[in-house]
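Take a look at the structure below.
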Amino acid sequence: MIEVKRNYVFDFDSTLTKVEALDVLAEISLANNPKKSEIIQQIIDITNLGIDGEISFTESLKRRINLLDAKKYDLEQLVVNLREQISQSIERNKEFFEKYAEDIYVISCGFKEFIDPIVEEYNIPSERVFANTFCYDENDNIIGFDANNVLSQHNGKIQCLRDLNLDGEIQVIGDGYSDYVTREAGVADKFFAYTENVKREKTTSNADHVAPNLDEFLFVNKLPRSVSYPKNRIKILLLENVHSDAFDKLSKDGFSVEEVSVSLSEDELIEKIKDVHVLGIRSKTQVTKRVLDAAEKLMTVGAFCIGTKQIDLDACKEKGIVVFNAPYSNTRSVVELAIGEIIMLMRSVFQRSTELHNGEWNKTAKGSQEVRGKKLGIIGYGNIGKQLSVLAESLGMDVYYYDIMDKLALGNATRLNSLEELLSISDVISLHIDDHSANKNYISSKELAMMKDGALLVNLSRGFVIDVPALVDALKSGKLAGAAVDVYPVEPRKNGEFHTELAGLPNVILTPHVGGSTEEAQKDIADFVPNKIMGYINSGNTVDAVNFPNIRLPRQVNAHRFLHIHQNIPGVMANINKVLAEYDMNITGQYLSTDEKVGYVITDLNKDYNKKVIKSLKNVEGTIKFRVLY
């Protein structure tokens, strides 16, 4: 098969660079002009009119140069500034420009005076740069441009390409009107709308292909590139109104991110997840085995919360899907609400507030007590329980705790060896246990009967850990003086109507699962979880994964990285290395971590490889997932 020669024609402004060079020149030349901002805005407006084809390019150029008031020496500073404004994906793909130098051209309506020194660093010589040139007066003021240059004319790029009469296929890469009309005029075979820096609807709607970055362009053309798979092709779905910082962080890293403000039912999620690589959820969305069976491309799930009960972790592991959560980010928020509710229950604040709302003044000390000197019993001495312990002690409470694990006490907290003892001595019980199925109805009529008469109960953990009808009975009978509940056995998928048997009881504070819902906590979660997702997608790191062997390692430099997830059965590693040896792969580093079900091995290699090695590694017995990073 004869390979077709290709010519790659790049625009300069807003393509090779992030900016329009004449806009930057205006910043320099007008630095001391009191009307600088006003003039620069005029220049930007004129630039956009020309780019969108609303006015002729010649008219656009004349009007901008007249406003610039620039001198020849200003161009030196312009070049310095432009070197700092190279498009990110252009900068990281220098290898392409080096290997295909003879096939690359720059055709721009900008000016050679500043384009040449920028692109020569990318191995593009001046003879393959076609652009305008400035005209100067005797004092080196920029007063115009060479009007005989075809690129100073309307549709000048079309004529320039005709004059070049290049052999082979011509692909044009640019962001504006003057780029896409080359395809329309038939002088270019393909037009790629480059949207890394600016996205123009008029341009993208006329493109053969939209390239959010150079990685996408190189991937489509199977050319050398710095990343194996363009991030814009990795689709991330964020559900349940995850904090906007997560969207911003993941989008900025180059991923395609879609947000849905509510949770989805199983059937809805099955339909939505078919082409999703990363799923972000909170507590309401159920990631079941049925969902995972439909998620053919899914690589990781990010739980933007503490709990992972809503995710089938075993099924994820079997399919090589890594799960991350945010075990610490909302700890302080939950603890502060617990402290606040304990104080409000002790002081009967909720009852007094309700009375006043109903027009009843009831100034009384009855049923109102200080927390100082009271015994707080904490069930579950994890991250939240420990921090609650410290804050409660600072308020003067005597803290006791019970945990099935041997946890070291903080401060003056006292560890008790039995739940019965804790329940019998505590004035307030605060629940902070996990979502293990064995904890269903952990507090039921039997446990409630063990509590002190007039004690208080706070549940900010899981809804199913309390037998709600039994709690209602204890509150109505006066066995308990009050309760604060934030979580429920069944919660709605979205805001709206809700009913609980606890509703209407005067000594009960009810909140809609907002223990961790503070702006600070959600912002922290929206930072923590995306970092874990990006660490895995970009480097293969699985540190802090809930269901997977943990590996931490730096991004590879000038190397390929093979990521192999497999069943933990004998002989897999031997077979992997046998394949690598057969293909003469030079291993620079290898990292393996396993648990009882899966193994995860990362292999770094410092040379190009025969693509057949990938097929062989995928065919190793026990392979679950395999991907390549470089």
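Say whether the condition of being part of a helix (DSSP H, G or I), of a type in the set (Lys, Arg), surrounded by fewer than 18 Cβ atoms within 10 Å (Cβ to Cβ) and without any contact (Cβ under 8 Å) to a residue 24 or more places away in the chain is met by at least one residue in the range 28-35. No, because not a single residue in the range 28-35 is part of a helix (DSSP H, G or I), of a type in the set (Lys, Arg), surrounded by fewer than 18 Cβ atoms within 10 Å (Cβ to Cβ) and without any contact (Cβ under 8 Å) to a residue 24 or more places away in the chain. When every residue of the range 459-468 is checked against the conditions, none turns out to be surrounded by 14 or more Cβ atoms within 10 Å (Cβ to Cβ), free of Cβ contacts under 8 Å to residues at least 40 places away in the same chain and farther than 28 Å from Pro506 by Cα. Among the residues here, Glu95 qualifies as at pLDDT below 95, surrounded by fewer than 15 Cβ atoms within 10 Å (Cβ to Cβ) and out of contact with any strand residue (DSSP E or B) (no Cβ under 7 Å at 6 or more places or on another chain).
Surrounded by fewer than 22 Cβ atoms within 10 Å (Cβ to Cβ), touching a residue at least 24 places away in the same chain (Cβ under 8 Å) and among the acidic types (Asp, Glu): does that describe Asp486? No: the conditions fail for Asp486. Based on this model, can you work out whether Asp608 counts as at negative phi and not hydrophobic (A, V, I, L, M, F, W, C)? Yes. Do the conditions hold for Asn7, that is, is it assigned to a loop (DSSP other than H, G, I, E, B) and not β-branched (Val, Ile, Thr)? Judged against the criteria, Asn7 is not a match. The set of residues from the range 503-517 being in contact with a helix residue (DSSP H, G or I) (Cβ under 7 Å, 6 or more places away or on another chain) and either farther than 20 Å from Leu239 by Cβ or modelled with pLDDT of 95 or more (or both) comprises Leu505, Pro506, Asn507, Val508, Ile509. Note on the range 47-65: residues that are over 36 Å from the mean Cα position of the chain (by Cα) and aliphatic (A, V, I, L, M) total 3. Whether any residue in the range 193-203 is under 43 Å from the mean Cα position of the chain (by Cα) and at positive phi is what I want to check. No, because not a single residue in the range 193-203 is under 43 Å from the mean Cα position of the chain (by Cα) and at positive phi. Residues considered: Leu345, Leu356, Leu395. Of these, the only one that is modelled with pLDDT under 95, in the same structural domain as Ile443 (by TED's automatic domain parsing) and not acidic (Asp, Glu) is Leu356. Any chance the range 242-250 includes a residue that's touching an Asp or Glu at 6+ places or on another chain (Cβ under 8 Å), assigned by TED's automatic domain parsing to the domain that holds Lys297 and not in a helix (DSSP H, G or I)? There is at least one residue in the range 242-250 that is touching an Asp or Glu at 6+ places or on another chain (Cβ under 8 Å), assigned by TED's automatic domain parsing to the domain that holds Lys297 and not in a helix (DSSP H, G or I). Could you tell me which residue of the range 65-78 is nearest to Gly50 (Cα to Cα), considering only residues that are part of a helix (DSSP H, G or I) and touching a residue at least 24 places away in the same chain (Cβ under 8 Å)? Filtering first and then ranking leaves Ile65.
Filtered by the rule that a residue be part of a helix (DSSP H, G or I) and within 25 Å of Val181 (Cβ to Cβ), the range 79-96 gives Ser89, Ile90. Taking (1) part of a strand (DSSP E or B); (2) at pLDDT below 95 in turn, Ser283 satisfies each apart from (1). A residue that is surrounded by fewer than 18 Cβ atoms within 10 Å (Cβ to Cβ), polar (S, T, N, Q), assigned by TED's automatic domain parsing to the domain that holds Val198 and under 26 Å from Leu161 (Cβ atoms) occurs nowhere in the range 2-23. Of all the listed residues (Ile124, Ile115), the sole one being part of a loop (DSSP other than H, G, I, E, B) and closer than 16 Å to Gly174 by Cβ is Ile124. Among residues of the range 277-296 that are closer than 10 Å to Cys316 by Cα, those with a beta-carbon under 6 Å from a residue that is outside any strand (DSSP E or B) and of a type in the set (Lys, Arg) at least six positions away or on a different chain give the pairs Leu292/Lys319.
The values are calculated or read from the model by the stated rules, or taken from the named source; none is laboratory data. Bear in mind that the values here come from a model prediction, so they are computed numbers and not experimental data. For neighbour counting, all protein chains shown are included, and Cβ atoms are generated from backbone atoms with ideal geometry for every residue, glycine included.
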